[in-house]
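See structure below.
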Amino acid sequence: MGALEKIAEIEREMARTQKNKATEYHLGLLKGKIARLRAELLEVKSSGPKGEGFDVKRSGDARVALIGFPSVGKSTLLSTMTETKSAVSSVDFTTLAATPGRWEYNGAIIQLLDLPGILEGASQGIGRGKQVVSTARTADLIVMMLDATKSHLQRPLLEKELEAVGIRLNRRPPNIYFKVKTGGGISYNAIVKQSVLNEKFVYNLLHQYRIFNAEVLVREDVTIDDFIDVVVGGRIHLPCLYVYNKIDAITIEEVDKIAREDHTIVVSIEKGLNMDTLKHTIWEYLSLLRVYTKRHGEFPDFSEGLILRTGATVEDACRAIHKTLLDSFKYALVWGKSAKHNPQRAGLTHPLSNDDVIEIVRK
């Protein structure tokens with residue numbers, strides 16, 4: 001029996017099992033088995049050929065993956081926001097390979113990646129889906145394109161496929177310390193009272209994965225799925241923006257209802273409705289910041305800034321300017337939101353804010 005058949009059999013058993021407090025433990029172990037089997041399915045075989053058109057070189061300051069069912073407007077969005085002309089048609093499966101586009105916004109170069117339409121069962125390889133979702137793992141942001149005129153089942157189906165390949169949307173990693181050791185058995189400690197996770201489940205799940213020596217420290221109330229993710233590893237936590245296209249074809253009441261959902265933007269790409277809001281929201285979800293530089297005694301250069309990640313420090317700015325700058329670094333002068341006074345003398349660990357100005361003083 002292959003991995004897919006085993007997964008299907010376990011899922012049938014889970015469907016037959018009534019969900020209550022008494023069955024949480026049993027269902028958790030079954031979830032652990034499914035996670036292990038799916039991890040085996042996703043292992044990349046070095047001898048296997050790469051999917052044509054999927055080996056796209058990463059470029060720019062960030063990568064955005066456009067995910068969605070066929071004919072929802074991904075190619076139209078790419079053609080609208082970039083100079084890349086992806087094949088556009090009302091016929092399903094127009095895009096058969098990953099098509100990259102270059103989009104400049106707020107001084108940043110963002111790579112948009114139009115991926116072929118996903119089918120239900122993509123994580124199992126249907127319709128080249130495994131290649132699509134695997135490529136999505138390399139993105140900094142998932143833009144899930146949805147058709148506002150079609151069933152709302154599109155969103156949970158796509159989320160399920162991404163979950164199956166270890167992509168967690170709009171969630172942060174669980175605060176669990178987990179380390180496999182060479183001896184000493186299993187050490188389990190929870191510094192916060194747990195609602196569902198317990199020592200018995202931890203021991204049995206780890207034994208199921210043939211782990212008999214490990215240290216587990218749980219720092220927050222977590223779910224069984226959270227703990228399985230930590231043990232299996234390879235999980236990617238990505239922000240996701242849900243973009244509902246073709247709002248010009250539904251009523252204003254329906255548009256208002258959809259727009260109130262979390263992490264959601266409503267647009268009509270063909271009519272150009274709400275596109276500025278979409279671009280600004282993508283920028284915000286990428287958590288990028290722009291920092292300007294200046295030379296001593298001169299005005300800042302506002303024509304071109306450094307594009308850094310939110311949380312970046314003076315050290316990150318130095319590396320972005322030139323990797324050898326750290327060798328002669330003395331201190332930095334910072335103007336902007338991150339400075340207590342302008343200018344503020346700062347060291348390498350000083351966190352920067354958007355639109356800060358920085359001057360590096362060398363030894």
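Observations
- Count - residues of segment 275-309 that are farther than 25 Å from Val361 by Cβ and open to solvent by 70 Å² or more (accessible area, probe 1.4 Å): 3
- Matching residues in segment 310-321 - criterion: being open to solvent by 90 Å² or more (accessible area, probe 1.4 Å) and part of a helix (DSSP H, G or I): Arg319
- Subset of segment 149-172 [polar (S, T, N, Q) and at pLDDT 90 or above]: Thr149, Asn170
- Considering (1) under 28 Å from the mean Cα position of the chain (by Cα); (2) farther than 29 Å from Ala164 by Cβ, the lone condition that Gly183 does not fulfil carries the number (1).
- Note on segment 58-103: among residues that are modelled with pLDDT under 85, out of contact with any strand residue (DSSP E or B) (no Cβ under 8 Å at 6 or more places or on another chain) and not aliphatic (A, V, I, L, M), the one that is least open to solvent (accessible area, probe 1.4 Å) is Pro70.
- Pairs, first over 13 Å from Val231 (Cα atoms) in segment 158-177, second among the polar types (S, T, N, Q) and part of a helix (DSSP H, G or I), C-beta under 6 Å, six or more apart: Glu161/Ser123; Ala164/Ser123; Val165/Ser123
- Pair list, Cβ under 7 Å, 6 or more apart: segment 18-30 residue charged (D, E, K, R), other residue at pLDDT 80 or above and open to solvent by 30 Å² or more (accessible area, probe 1.4 Å): Glu24/Val196
- Candidates Val334, Val314, filtered to the one that is more than 28 Å from Arg171 (Cβ to Cβ) and either free of Cβ contacts under 8 Å to residues at least 40 places away in the same chain or of a type in the set (Phe, Trp, Tyr) (or both): Val334
- Filtered by the rule that a residue be within 13 Å of Leu238 (Cβ to Cβ) and either in a strand (DSSP E or B) or modelled with pLDDT of 85 or more (or both), segment 123-146 gives Thr138, Ala139, Asp140, Leu141, Ile142, Val143, Met144.
- Residues within segment 142-183 that are surrounded by fewer than 21 Cβ atoms within 10 Å (Cβ to Cβ), among the aliphatic types (A, V, I, L, M) and within 14 Å of Leu241 (Cα to Cα), tallied: 1
- Filter result for Phe212 (open to solvent by less than 50 Å² (accessible area, probe 1.4 Å), closer than 30 Å to Ile176 by Cβ and either among the hydroxyl-bearing types (Ser, Thr, Tyr) or modelled with pLDDT of 90 or more (or both)): no
- For segment 340-363, filtering for residues that are exposed (fewer than 14 other Cβ atoms within 10 Å of the Cβ) and among the charged types (D, E, K, R) leaves 4.
- Within segment 34-45, the presence of at least one residue that is at pLDDT 75 or above and not hydrophobic (A, V, I, L, M, F, W, C) is confirmed.
- Test: residue in segment 322-339 that is surrounded by fewer than 15 Cβ atoms within 10 Å (Cβ to Cβ), under 28 Å from Cys240 (Cα atoms) and of a type outside the set (Gly, Ala, Ser): yes
- Positions within segment 189-209 being open to solvent by 40 Å² or more (accessible area, probe 1.4 Å), aliphatic (A, V, I, L, M) and part of a loop (DSSP other than H, G, I, E, B), in sequence order: Ile191, Val192, Val196
- Scope segment 163-178; condition under 19 Å from Ala39 (Cα atoms), outside any loop (DSSP other than H, G, I, E, B) and of a type outside the set (Asp, Glu); matching residues: Ala164, Ile167, Arg168, Leu169, Phe178
- Residue within segment 147-159 that is touching a Phe, Trp or Tyr at 6+ places or on another chain (Cβ under 8 Å) and in a strand (DSSP E or B) present: yes
- Test: Ala22 is small (Gly, Ala, Ser), closer than 18 Å to Lys160 by Cβ and either at pLDDT 80 or above or not in a loop (DSSP other than H, G, I, E, B) (or both): no
The values are calculated or read from the model by the stated rules, or taken from the named source; none is laboratory data. Just so it is clear, the model here is predicted, and its values are computed rather than measured. Using ideal geometry, Cβ is built from the backbone for each residue, glycine included, and neighbour counts are taken over all protein chains shown. Heads up: the accessible areas ignore ligands, DNA and RNA and are worked out on the full protein's heavy atoms, side chains in. Shrake-Rupley method; radii C 1.70, N 1.55, O 1.52, S 1.80 Å.
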